[in-house]
1. Can you tell me which residue within segment 59-93, out of those that are touching a Lys or Arg at 6+ places or on another chain (Cβ under 7 Å) and β-branched (Val, Ile, Thr), is surrounded by the most Cβ atoms within 10 Å (Cβ to Cβ)?
2. Assuming residue 113 fulfils every condition listed in (1) at pLDDT 90 or above; (2) not in a strand (DSSP E or B) apart from one, which condition is it?
3. Take the residues in segment 19-67 that are hydroxyl-bearing (Ser, Thr, Tyr) and within 25 Å of residue 89 (Cβ to Cβ); name whichever of them is modelled with the lowest pLDDT.
4. Quick one: in segment 94-118, of everything that is β-branched (Val, Ile, Thr) and more than 13 Å from residue 73 (Cα to Cα), which residue is surrounded by the most Cβ atoms within 10 Å (Cβ to Cβ)?
5. Take segment 83-110 and flag every residue that is within 14 Å of the chain's Cα centre (by Cα) and either in contact (Cβ under 8 Å) with a residue 60 or more places away in the chain or at positive phi (or both).
Amino acid sequence: MMRRTLGIVVIFCGLLLAALPALAHHSLNAEFQMGKPTELKGILIKVEWDNPHVYWNVETKDASGSVTRWSVEGLPPSYLHRNGVSRTDMLALVGKEVTIHGRLAKDGSKLMFGLDFVLPDGRVIPVGPKVGDDNP
């Protein structure tokens, strides 16, 4: 009887450990406001092209000239690459003004989940899931 109980506990612990990686990834709905996208305008100052998500740092100025640094989270590099966006494309934008559409963090931090970048010439660079995209 004791041996059987120990076997069940070992199997249960193994299944629990196997499920941990699935719990590590967050839901966009849990972290970001998923209503209407917000617009952020500023100067792109840094690109972090790493897995599991690409991050961009953007500096914005308010009416008084005060500078605020935002972090913009995107999808993995592989997703962006499949949609025609390369690391080289993004690094070429460092120092340039961009407009970013995205979802603000629920906790009020200076974090946004990016959907697209709009360049001064009107070109749009998609960096997040499109409407109806169920496979980001």
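1. My answer is 60.
2. Going through (1) at pLDDT 90 or above; (2) not in a strand (DSSP E or B) one by one, residue 113 breaks only (2).
3. That would be 38.
4. 98
5. If the condition is that a residue be within 14 Å of the chain's Cα centre (by Cα) and either in contact (Cβ under 8 Å) with a residue 60 or more places away in the chain or at positive phi (or both), then 100, 101, 102, 103, 104, 105, 106 are the ones that fit.
The values are calculated or read from the model by the stated rules, or taken from the named source; none is laboratory data. Just so we're clear, the structure is a prediction, and the values are computed from it rather than from any experiment. Methodologically, a virtual Cβ is constructed for each residue, glycine included, from the backbone with ideal geometry; neighbour enumeration extends over all protein chains shown.
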